[in-house]
Amino acid sequence: KGDGLALGADLGTSLSVIDLYQLPGAWGVSSVSPFCVKVEAALRAGGLPFRRMPGVPFRGPRGKVPWIGLDGELIHDSQRILDELTRRGRLTLDAHLDEAARMRGHAIRRMLEEGTDFLLVYLRWEPDDAWAVYQPVLAAELPPVVGPVLLGHLRRGMRKMLWSQGTGRLDHERIEELACQDYAALSAELGDREFLFGSAPTTFDATAYAWVASTLAFPHPSRVKSALLADARLVAYRERFEDRFFRDGPR
């Protein structure tokens, strides 16, 4: 069962409604997964009608969230979703970008999704005090009898993944330092513009917003969150995106 119809800019659209399967929201963001927030942000900015649907990763087409249901078809992976909606002419956020801007956007997106994200996963799953904040949100989605066992298994799996990937081999201070550097680079790229490439949002803004908002929302102190809160550009960027596209909530 979904939580009702969410609409982008065009309330009178005749386009078929997209079912967006994602993890639940918490702390003021629409999902605890920035990949899910990214897709919802793009759908909102693009004015596409969608329904939020509960999505448990192991039930998805590739064992991950998010995925969408569109015209009887399931499409997985956040970037594949946006690429496919763009290919079908449903999502036109990047239509005004030239090739150079697209390549810059690609580099920004890959930094956040394939670099920064592992650092943030560590900061949620590894420190015991941060895990104590994150664990109850995940536990609420699991059967109470087996939930603690499953969460213990999941945490061990995430730690093993982070070690294999390399982030888990770094010390805590270095992980925070790298994440701060990533957000400083994003802030410099944004500069004084309203969005990354001017006055109109793009799919790359949906990605940037998702990671900035998710980091600021997580209710656990860290050097990374403090650096973001001190960055007037990125704080205003998050607020601007939310005021324009998430006014109907929930966030």
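The values are calculated or read from the model by the stated rules, or taken from the named source; none is laboratory data. Since the model is a prediction, treat every value here as computed from it, not as a measurement. All Cβ positions, even for glycine, are placed from backbone atoms using ideal geometry, and neighbour counts span all protein chains on display. We work out accessible area using only protein heavy atoms, side chains counted, and drop any ligands, DNA or RNA first. Shrake-Rupley method; radii C 1.70, N 1.55, O 1.52, S 1.80 Å.
Below are the figures for this structure:
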item	result
Heavy-atom accessible surface of the stretch 53-173: percent carbon and sulfur, 1.4 Å	57 percent
Span from the the stretch 207-251 Cα centroid across to the the stretch 143-179 one, whole angstrom	23 Å
Fully extended contour minus Cα-Cα distance, from residue 76 to residue 64, at 0.36 nm per residue	3.5 nm
Theoretical FRET efficiency, 1/(1+(r/R0)^6), r = Cβ-Cβ of residue 193 and residue 169, R0 30 Å, to 0.05	0.25
Neighbourhood net charge (12 Å Cβ-Cβ; Lys/Arg +1, Asp/Glu -1) for residue 32	0
Stretch gain in nm, segment residue 98-residue 177, where the contour uses 0.36 nm per residue and the Cα spacing is subtracted	25.1 nm
Relative contact order of the chain, pairs being alpha-carbon contacts under 8 Å that are 6 or more residues apart, as %	22 percent
Beta bridge orientation in the chain: antiparallel %, DSSP, nearest 5	70 percent
Residue 15-residue 110 pseudo-label distance in nm [points 7 Å out on the Cα-to-Cβ vector]	2.7 nm
Integer Hz, Karplus 6.51/-1.76/1.60 couplings in order for the stretch 21-28, x for Gly and Pro	8, 8, 5, x, x, 6, 6, x
Two-site FRET efficiency, residue 233 against residue 83, from Cβ-Cβ distance with R₀ of 22 Å, rounded to 0.05	0.20
Where only alpha carbons of the stretch 39-87 are counted, the Rg and the Dmax (Å)	10.5, 29
Dipole magnitude of the chain, debye to nearest 20 (Cβ charges: Lys/Arg +1, Asp/Glu -1, about Cα centre)	540 debye
